[in-house]
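For reference, the structure discussed in these notes is given below.
The values are calculated or read from the model by the stated rules, or taken from the named source; none is laboratory data. Please read all numbers here as calculations on a predicted model, not as lab measurements. Cβ sites come from the backbone with ideal geometry, for glycine too, and all protein chains shown count toward neighbours. Just so you know, the surface numbers come from the protein's heavy atoms only, side chains and all, with ligands and any DNA or RNA stripped out. Shrake-Rupley method; radii C 1.70, N 1.55, O 1.52, S 1.80 Å.
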Amino acid sequence: MTLRIGIIGAGIMGADHARIFTEEVPGTVLQVICDADQKRAAAVADSTGALHVVSDPLAVINDAAVDAVVIAAPDQFHAPLTLACIAASKPVLCEKPLSQDSKECLAVLAAEEKSGRHTVQIGFMRRFDPSYAEIKSMLARGDLGKALMFHCFHRNVAPAYDFRPEMAICNSAPHEFDVARWMLGSDFKSISVFRPPSGGETAPVFMVLETVAGHLVNIEVNISATYGYDVRGELVGEKGTAFLRAPVKADVNLGLQQFNTYPADWRPRFVDAYRQQNSAWVKSINTGKPNLGASAWDGYCSTAVAEAGVEALHSGKTVAVTQIAKPNFYL
Ligand code: ISE
């Protein structure tokens, strides 16, 4: 069985998804690559063997020769295109965030529920990262005792988007909001946001969150860290702690020093996570069985936290996270 995939967006992530399906996920064919910039779409098609190139995303979603859709367009198109996929009954893997506006997420939830089918998966690929998964299993086995705190660092070399601290909260931190919520098994209750006053325009954004179950989570998002792409985390439990371990290719001994290297962006750090996520998505579509990927509900929850975070950034106060009750459809 071959799954015919359409990819909307031929930027950094659209191109990477195209590469992943071509090189690493058997049983798929790239039916079409879509981008407003036809040259960019053609370059991705050339390097991956995709069959067609178009510029209209709706032409992808409504193409009878496309079985499933990946949305890797800019954030503001995620929710409208996801709604179009639901209307066309096409399974969709939508890059994070589902939207930066929780009202748009609610519209997606309502449409998916009305359709009666779970067709939406959000690209929170860290759930598939072996190091997060290992810590989650340790917690489930009780090895670390009860989880108490989760320290998170998320550092980029340079901004991948226009730098505004709001973007650190709405575009970057949703990864931590989702993976911490998934790891700790609890929604968030409140968020406070700080920035070092000495840091200037590109100062890191530092968030402190409390979960409904009473864990503390802190997140540093530093999108101008310059030295490398670096994601860290330490789970603190009652009996012990566990650090995430980034993939290390080699420990180098050279010139009186020992070191290893950092990637320039997130793709090498999360190469396994992306591969496993995309393989699991294809398997789910083929078998009709769910995988551990994030649902539209999870997408909504991380956006609700981000919205409270932006309010906390502006007000300087601790802000309560408000969410609707989880619809039965997502239980
Ligand atoms: C980017 O949009 C991503 O999705 C990356 O995974 C994240 O690490 C980065 O900070 C974001 O800008």
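Residue 215 meets all of the listed conditions (1) more than 16 Å from the ligand (Cβ to nearest atom); (2) buried (at least 19 other Cβ atoms within 10 Å of the Cβ); (3) assigned by TED's automatic domain parsing to the domain that holds residue 112 but one, namely (3).
Within the set 147, 84, the sole residue that is under 23 Å from residue 188 (Cα atoms), among the hydrophobic types (A, V, I, L, M, F, W, C) and either at pLDDT 95 or above or within 16 Å of the ligand (Cβ to nearest atom) (or both) turns out to be 147.
Scanning the range 121-149 for residues that are part of a strand (DSSP E or B) and under 16 Å from the mean Cα position of the chain (by Cα) returns 121, 122.
Scanning the range 221-236 for residues that are surrounded by 19 or more Cβ atoms within 10 Å (Cβ to Cβ) and either closer than 26 Å to residue 190 by Cα or away from the ligand (no atom under 16 Å from the Cβ) (or both) turns up 221, 222, 223, 231, 233, 235.
Pairing each residue of the range 206-234 that is of a type in the set (Lys, Arg) with any residue that is open to solvent by less than 10 Å² (accessible area, probe 1.4 Å), provided the two are 6+ apart or on different chains, yields C-beta distances under 9 Å for 232/152; 232/154. Look at the range 52-65: where a residue is in the same structural domain as residue 18 (by TED's automatic domain parsing) and over 19 Å from residue 40 (Cβ atoms) and a partner is basic (Lys, Arg) and open to solvent by less than 40 Å² (accessible area, probe 1.4 Å), sitting 6+ places away or on another chain with Cβ atoms under 8 Å, you get 61/90.
Kindly evaluate residue 101 against the criterion of being away from the ligand (no atom under 16 Å from the Cβ), assigned by TED's automatic domain parsing to the domain that holds residue 52, out of contact with any Gly (no Cβ under 7 Å at 6 or more places or on another chain) and touching a residue at least 40 places away in the same chain (Cβ under 8 Å). Answer is yes for this residue. Would you mind stating whether residue 205 is within 15 Å of the ligand (Cβ to nearest atom) and under 30 Å from residue 146 (Cα atoms)? Spelling it out, residue 205 is indeed within 15 Å of the ligand (Cβ to nearest atom) and under 30 Å from residue 146 (Cα atoms). Among the criteria (1) more than 16 Å from the ligand (Cβ to nearest atom); (2) open to solvent by 30 Å² or more (accessible area, probe 1.4 Å); (3) in contact with a strand residue (DSSP E or B) (Cβ under 9 Å, 6 or more places away or on another chain), the one residue 248 does not fulfil is (3).
Close Cβ contacts (under 9 Å, 6 or more residues apart or on different chains) running from residues in the range 3-25 that are in contact (Cβ under 8 Å) with a residue 40 or more places away in the chain and of a type in the set (Asp, Glu) to residues that are open to solvent by 10 Å² or more (accessible area, probe 1.4 Å) and not in a helix (DSSP H, G or I) comprise 16/72.
Check whether at least one residue in the range 183-198 is assigned to a strand (DSSP E or B), more than 16 Å from the ligand (Cβ to nearest atom) and aliphatic (A, V, I, L, M), and report yes or no.
yes
One residue stands out in the range 157-181 among those that are more than 17 Å from residue 218 (Cβ to Cβ) and in a helix (DSSP H, G or I): the one that is nearest to the ligand (Cβ to nearest atom), namely 171. Counting only strands (runs of 3 or more DSSP E) that fall entirely inside the range 47-120 and contain at least 1 residues that are touching a strand residue (DSSP E or B) at 6+ places or on another chain (Cβ under 9 Å) and closer than 27 Å to residue 169 by Cβ, the qualifying elements are 68-71, 92-94.
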